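For reference, the structure discussed in these notes is given below.
The values are calculated or read from the model by the stated rules, or taken from the named source; none is laboratory data. What you are looking at is a predicted structure, and each value in this text was computed from that prediction instead of being measured. Note that each Cβ is placed from the backbone with ideal geometry, even for glycine, and that neighbours are counted across all protein chains shown. For the accessible areas, the whole protein counts, side chains as well, though only heavy atoms, and no ligand, DNA or RNA atoms are used. Shrake-Rupley method; radii C 1.70, N 1.55, O 1.52, S 1.80 Å.
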Amino acid sequence: MPFRIVSGDITKLHVDAIVNAANTSLLGGGGVDGAIHRAAGPRLLEECRTLHGCRTGEAKMTLGYDLPAKYVIHTVGPIWQGGRCGEEELLRSAYRNSLLLALEKNCESVAFPMISAGVYGYPKEQALEVAVSTIRAFLEENEMDVILVIFDRDSFRFDVRLYSEISGYLRNTYDDGKGPGIILGDVVGSAAVGGGSRPRRSLFSRTKKARVEECARALPEEPVEDEEAADAITPDAAPPVMRMQAEAMYCASAMGAAPNGLAEALSNLDESFSQALLRMIDSRGMKDSECYKKANIDRKLFSKIRSDVNYRPSKQTVLAFAVALELDLNETEAFLKKAGFALSHSNKADVIVEYFIANKNYDMYSINEALFAFDQNLLGA
Ligand code: AR6
């Protein structure tokens, strides 16, 4: 996922670089600076001594030593003095210069703390806005995984007005399990409902019925004409398209179903998720990169989807593209269904995404901030 907000301790992250909210001496201090020096060990301070400090808004790099991260990018945020002393521009520079340094050193992933939002006193809601908008502008031009780490979850300040509107929507719509669950649209297989955040299990570890439904959804357009040849194919030995067919045959025979009936069903399949996605990108005159960036989807994942007609996405991935394509609620339902999912009012994340789509707010960064604020998995991959 190109941009993610996570809660936790930045010193534990396995990324190419973590950013340190340091002071101009670069010789250590409290807060995240102290935590990074403790976790990296004394060699970090030795290297920092050779850097001769760093000006506010600038950034310098060292190795990560005992940290799981390869590098530490040391930057200095502004001390809050009321907001009229160029604090915002200095804070933007701290993020931007750290990102440029990461790019220069070919880092593919970098994690930031909320620079200046601790000892330096920058108001937290404004510090979050500066962090997210600066990272976002950078990701529009560059490919990188950028993580914003929130150490103290209670201090995460999300837009108060939006928070209360979403809370109201959740009160009216979210079914917490005490009453009957409302499921929007047609559901294919109960495992799909609200199951987007769980890792998908292997096709062959499911119940027979689920396997057959799964196979039927995922099958390619061309049926296997030659029954004998189809019998001879074992799912794992076949190339991807053939493998789907072989799995379907395997499932069908496990159920005692006649391969002929299945072959007939195969000839009436809808377009797949991948085909529908590419068609909608084209029909909107969008560039691929415009779409996957808006969806907060990694370029490599998008290439996989593009090259595999039977690609099976997670629910978060489908919803991310629905947002990027600015689908309305009915279109979102139809799109989800292509991948075997549905929006459920028993799933808090679904209701939050539904709120944004119903209000035609297709800003992925706001959606993900809201999902984080409500402790839900983010969209994208
Ligand atoms: N992981 C992630 N975030 C953290 C961690 C951690 N382990 N520890 C704290 N934070 P601060 P500043 C968060 O005060 O405001 C130092 O003494 C913390 O909750 O570390 O830029 C330096 O030497 C807050 O949201 O940095 C400077 O003198 C954010 O990191 C001065 O503090 C930044 O808080 C810099 O002040």
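Express the accessible area of segment 78-180 per residue in Å², computed with a 1.4 Å probe while the remaining protein chains stay in the model. The partial results should precede the final answer.
Working: 5530 Å² over 103 residues.
That works out to 54 Å² per residue.
Roll a 1.4 Å probe over the protein heavy atoms and report the accessible area of His37 in Å², nearest 10.
Rounded to the nearest 10, that gives 30 Å².
Enumerate by residue number the trypsin sites (Lys or Arg not before Pro) in segment 335-381 meeting two conditions: DSSP loop (anything except H, G, I, E, B), and at most 12 other Cβ atoms within 10 Å of the site's Cβ. Intermediate results must be reported in sequence, preceding the final value.
Values: sites: Lys337, Lys338, Lys348, Lys360; in loops: Lys360.
Passing sites in segment 335-381 are Lys360.
Which order do Leu139, Leu100 take when ranked by solvent-accessible area (1.4 Å probe, heavy atoms of all protein chains), largest first? Mind showing how you got there, number by number?
Values: Leu139 15, Leu100 85 Å².
From most exposed to least exposed: Leu100, Leu139.
Assuming R0 = 30 Å, what is the FRET efficiency of Glu165 and Arg49, from their Cβ-Cβ distance, to the nearest 0.05?
0.05
First measure r as the distance between the Cβ atoms of Glu290 and Tyr365, then evaluate 1/(1 + (r/R0)^6) with R0 = 22 Å and state the FRET efficiency to the nearest 0.05. Please report the intermediate quantities before stating the final value.
Details: r = 15 Å, r/R0 = 0.70.
Plugging the Cβ-Cβ distance into 1/(1 + (r/R0)^6) gives 0.90.
Compute the distance from the alpha-carbon center of segment 13-92 to that of segment 118-162, in whole Å.
One Cα centre to the other: 17 Å.
What FRET efficiency comes out for the pair Ser155/Asp176, r = Cβ-Cβ distance, R0 = 22 Å, nearest 0.05?
On the way: r = 27 Å, r/R0 = 1.21.
That pair, Ser155 with Asp176, gives E of 0.25.
Classify segment 3-157 as rounded, prolate or oblate, taking a ≥ b ≥ c as the square roots of the eigenvalues of its Cα gyration tensor: rounded when a/c is under 1.5, otherwise prolate if a/b is larger than b/c and oblate if not.
On the way: a/c = 1.35, a/b = 1.17, b/c = 1.16.
Rounded, since a/c falls under 1.5.
Full extension from Glu89 to Glu141: what is 0.36 nm times the residue separation minus their Cα-Cα distance, to one decimal in nm? Kindly include the intermediate steps, with their values, before the conclusion.
Numbers: separation 52, 0.36 × 52 = 18.72 nm, distance 1.96 nm.
Length gained between Glu89 and Glu141: 16.8 nm.
Got a number for the accessible area of Glu141? Probe 1.4 Å, square angstrom, nearest 10.
140 Å²
In percent, what relative contact order does segment 3-157 have, based on Cα pairs under 8 Å that are 6 or more apart in sequence? Numbers along the way, then the final one.
Working: 313 pairs, mean separation 48.0, N = 155.
With pairs under 8 Å counted, the relative contact order is 31 percent.
Would you check the accessible area of Arg153, probe 1.4 Å, heavy atoms only, in square angstrom rounded to 10?
Here the residue's solvent-accessible area equals roughly 80 Å².
Heavy atoms only, probe 1.4 angstrom, no DNA, RNA or ligands counted: give me Glu143, Glu333 ranked by accessible area, highest first.
Working: Glu143 85, Glu333 30 Å².
The ranking, largest first, comes out as Glu143, Glu333.
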